[in-house]
Every structure is written in C-alpha cells, then in structure tokens.
Amino acid sequence: MNKLFNIRILVVLMVVLLGFGFASKAQITIDVKMDTNIMLIGDQTKLTIESSFPANFEVKFPIFSDTIIKGLEVLNISDFDTSMVDNNLKVKQEYLVTSFDTGWYEIPMLDFQITFPDKERVDTVQSRPVYFGVVTMPLDTANAMAITDIKAPLDAPLTFQEVWPAASIALGSILLILAIIYLLLKLTRKEAIFVKKEKPKEPAHIIAFRDLDILKDKKLWQQGKLKEYYSELTEIVRAYIENRYAIQALEMTTDEIIDAFRISGDLVKDLKDNLFDLLVKADFIKFAKGSALADENEASYRFVFDFVTKTKPVVILRDEDEKHQENEISEPIEN
C-alpha cells in the first residue's frame, strides 16, 4: 500500500475514432467531494476524486502521499476505478482520510493536467474547493465532577421461576379484560365504527412560504441572532426539498443533497450552485461562528423565496371556479 503513495498518477487511454475529427470544446468534468461536511475528531471518512473526459485525452490526477492538506491525513488510497460511458472515460479514486485537529478546513482547488490528442497542447482544469469541519464531543458540564463507572454492571439473566408469577398475572388480566369486552359487545350488539379523516397535506411551497413569512417577522438577524436565523432558513429550504422532490434533505449533508439533484437532474445549474453556496455559508455560520453582512442575510432570504417560486409545481386550473386560490403569497420585502 505504501507504493501507492509514491506512484505518480497518470491516467492515459487513447481511442482512435474513425470518421470524426478533434473536438475543440470537449467536455471535461472534475468532481472532488467528501462523504460528510462535519466529522468527529478521529473519525474516518472518504474523499472521492472523479473525472470524466473524452477517451482520446490524457488527464493527470494530483498526487497525495500521507496528507491532503495540513490536518487531513490519508489512511488508504484505492485503485483507480475506470469505466467507459458514451466514448467518455470515467475515472474515480477514493482516499480514506481522518483528522485529529478540530477546526474548519478548506481543500483548495486541485489542478488536473490535461493533454490534448495532438500531444502538443497542454492545459489545466481546476476542481471546486471543498469545505468541512472537525468537531469534538461536547463535555457534560453538569456531571463534570461526578465519578462514573468505566463499564456498566452486567445484568444477570432472568430465570423462568422469576418471570412466571408476573407473567401469569399479566396473562390472566388480559384474558379477563378480553372476556369482559366480548360480553359487552354481545349484550349490546352494536358496532361502533370510527372513521378518522386525515387532513390533506398542504403543498410544499405553501408550507415554505408560510414559514418564510414567520421567519421574516421574527427579525432574528437584526437582533444579532445570526445562527438561529440561518438554522431556520436552511431548515425551511431542506423541508421544502424533502416534500417537493422526495429527497431526504433534512437528514443529508450539503454534498449529499447536491449529489441527489445531480443524479435526478431536477435543478438547473444556477439554482443548484446557489443552493450549495447557501448551505455551505449556513454551515460555517452555525458551526464555526461565522458572520455575514446585512445585505448577505437579505440575499439569502430572497434566494430561498425565489428557489421555492421557481421550483413549485405548475397547476393548470380546469374550472373557472378554481381560479380563486386559497392562499396568495406576495413578494418578500427587504428585512
């Protein structure tokens, strides 16, 4: 495994395409991501580097040995996983990483050297930076001075003789209650039928707009409660995504949400990129005590409002009586 740390990574695959010339605008994609944005100190997670490019190009991955950046250590490097998709070569490599220093980190843009089919032209493509935090377990200050066992005492298994008296009493009570119920039903000869009507679930955008109005009225960031403001704002957009697209956004990390939209193709690139920027900014403010200007707070609120507006389902009214909508949402005013 140590040899992998010293091998210069060079992925070369040449395929001669008959009848086609060189495409000057070939599609080359680079993706660097971590399995989680927040990890406990000493935990392990995966850093994945993936590239897709035409088969007649050469792409050289960056080289890492024992660290990715200061504070992020490499435990293992996987072999390259390659596959062909529509004449494009897809190459993926995974790094098992860990960190023993708390704090917030940035993996900067990584350089990928691109060699064109003519072997004379060389260019560089950069990946998007990756942000993540390393946190420690919170201390139980209420019981800081208490003396606790290293390991809890073992429970002795219950014997049949100990369980039988209580079990027989419970069983007898259940049989008695069932007998009484049977007699009552037989005497009255009436059947009670209870039908519970479930309240129709509101559309996702109606819930989101209402929650946005409530958040706006609270004026949290104007009172200096920036962490609470971004916590509620991101919870609103995550709940909307979960109700609108059936993506478990409330339980996912930022990268997992973006990956889910990348796979489904439900969002255009601008909305997807702006959503990623908002969630990353909120993570830094909530977990790293970051700050933001007033116009940034207003812009974040307006983005969520516009995001819901642009992605809500379009309803076609078939009856003239349905033209009167139950809820009318106006554009948000500046906080």
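In sequence order, the stretch 273-288 has phi-based couplings of 5, 5, 5, 4, 4, 5, 5, 5, 4, 5, 4, 5, 6, 6, 9, 10 Hz under the Karplus curve 6.51 cos²θ - 1.76 cosθ + 1.60, θ = phi - 60°, and Gly or Pro positions carry x.
In the structure shown, the pairs 33/289; 46/312; 70/219; 201/225; 92/119 are assessed against 30 Å; a Cα-Cα span above that value is assigned to 46/312; 70/219; 201/225. To the nearest Å, what is the center-to-center distance of the stretch 89-139 and the stretch 224-265, using C-alpha atoms only? After rounding, the separation between the Cα centres reads 23 Å. Averaging 1/r across all pairs of distinct Cα atoms in the stretch 204-313 and inverting the result yields a Kirkwood radius of 14.1 Å. Rounded to the nearest 20, the size of the Cβ-charge dipole of the stretch 155-300 about its Cα centre is 900 debye, with Lys and Arg at +1 and Asp and Glu at -1. Can you list residues from other chains, or at least 5 along the same chain, whose modelled amide H is less than 5 Å from the amide H of residue 89? Residues meeting the criterion, in which the H sits 1.01 Å from N, are 53, 55. For the stretch 254-305, trypsin sites (Lys or Arg not before Pro) are listed when DSSP marks them as loop and at most 10 other Cβ atoms sit within 10 Å of their Cβ; the list is 289.
Per-residue 3J(HN,Hα) values for the stretch 212-217, derived from phi via the Karplus relation 6.51 cos²θ - 1.76 cosθ + 1.60 with θ = phi - 60°, read 5, 4, 5, 4, 4, 5 Hz in sequence order (x marks Gly and Pro). If you sort the three axes of the alpha carbon gyration tensor as a ≥ b ≥ c, you get a/c of 1.5 or more for the stretch 40-119 and a/b above b/c, which makes it prolate.
Laboratory data are not the source of any read-out in this text; all were calculated from the coordinates shown. Computed from a predicted structure; not experimentally measured. Positions of Cβ are backbone-derived with ideal geometry, glycine not excepted, and every protein chain shown enters the neighbour counts.
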